[in-house]
Amino acid sequence: PQKVVTVEEREHPTAFVEYGFDINTQRGLEVAATFGERNILGKALTGNVSTLLGKERQNFNVEVGKPDLFGYRIYNNVKASYTNDQTYVGFTLVTVSGEVGFSWEIQEKRRFTLIYKLERQDPVHVEPDFDAALAPAPVRIGSLTPTISVDERDDPFLTTRGWFFLLRDKVSRKYLGGDADFDRWEIDGRKYQTTWAGLTLAGAVRIGYANVAEGSTLPVGERYYVGGA
């Protein structure tokens, strides 16, 4: 009535490196890289430094987080970012920001995220003949962004079936540390279905809506542009 069981345990490195590149007809070549550690000081803290380098855009991020909070599946993080974006027509937008937030997986594939962000957007290299009515101005934005997402895809990168839904509201108020009062809603819905012939059909609907309080102006970095993101 006895059994002998052999258990083999392998420890994998907690540090990681991710990298990639893309070539865009409008932005040219971009290279991205992330250097991270999943167990800082043996405390199950995750941290990473990431960058995106290209001719039209440069971005740098530093992030530290913990995958659980109070024994629940609540990922909490602190992040600092710097972005130099030259894809705007007539000016370059430099953004420096800091944020703190958490993401709670209420149920599997159902997630609630709340982020507080304080950022400074500075338009630089503005062309002299830029339309005065649309002229960008430096602004400080303090915002609280709740997000609800449901992800029923079979695979987030190589999807063959399922659906995805996201609802987000970026709430910017002066009492949150900024200069402008506005709400910026986003809805993202996607559906995937593979046919009998093995062909996967995908459809997506994305809606954005910004509502500005009286006396405030929507910051240039929050506006919607034809042909852009």
Virtual paramagnetic centre 7 Å along Cα→Cβ of THR160, amide N under 15 Å, in the range 179-210: 192-202
Rough spin-label spacing in nm, given labels placed 7 Å along Cα→Cβ, for ARG38 and ASP169: 3.7 nm
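Enumerate by residue number the trypsin sites (Lys or Arg not before Pro) in the range 140-226 meeting two conditions: DSSP loop (anything except H, G, I, E, B), and at most 15 other Cβ atoms within 10 Å of the site's Cβ.
ARG161, ARG223
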Length gained when the stretch LYS3-TYR82 is fully extended (0.36 nm per residue, less Cα-Cα span): 22.6 nm
Computed over the chain: relative contact order in percent, which uses C-alpha pairs under 8 Å that are six or more apart: 10 percent
Accessible area in the full protein assembly, largest first, 1.4 Å probe, for PHE60, PHE102: PHE60, PHE102
Matching label, Rg/Rh (Cα atoms, Kirkwood Rh) computed from the structure shown, candidates [x] 1.03; [y] 1.01; [z] 1.13: [x]
Cleavage-rule hits (GluC sites (Glu not before Pro)) in the range 164-229: DSSP loop, at most 10 neighbouring Cβ within 10 angstrom: GLU214
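Using a 1.4 Å probe over the heavy atoms of the protein chains, calculate the carbon and sulfur portion of the accessible area of the range 143-229 as a whole percent.
Values: 3320 of 5560 Å².
The nonpolar share, carbon plus sulfur, comes to 60 percent.
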Peptides ranked, highest mean first, by Cβ atoms within 10 Å: ranges 106-112, 124-130, 73-79: 73-79, 106-112, 124-130
Residues ASP129 and TRP196, FRET efficiency given R0 of 45 Å [Cβ-Cβ distance, rounded to 0.05]: 0.20
Whole-angstrom gap from the range 205-227 to the range 51-128, using each part's C-alpha centre: 18 Å
Distance in nm between pseudo-label sites at ALA213 and TRP185 (7 Å out along the Cβ direction from Cα): 1.8 nm
Accessible area of the range 1-132 belonging to carbon and sulfur atoms, whole % at 1.4 Å probe: 58 percent
Relative contact order [Cα under 8 Å, 6+ residues apart], the range 74-194, whole percent: 19 percent
Rounded accessible area per residue of the chain, 1.4 Å, Å²: 68 Å²
Charge dipole (debye, nearest 20) of the chain; +1 at Cβ of Lys and Arg, -1 at Cβ of Asp and Glu: 560 debye
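The values are calculated or read from the model by the stated rules, or taken from the named source; none is laboratory data. Not measured: the values here are computed from a predicted model. So basically every Cβ, Gly included, is an ideal-geometry build from the backbone, and we count neighbours across all protein chains shown. Quick note on the areas: whole protein, heavy atoms, side chains included, nothing else; ligands and nucleic acids left out. Shrake-Rupley method; radii C 1.70, N 1.55, O 1.52, S 1.80 Å.
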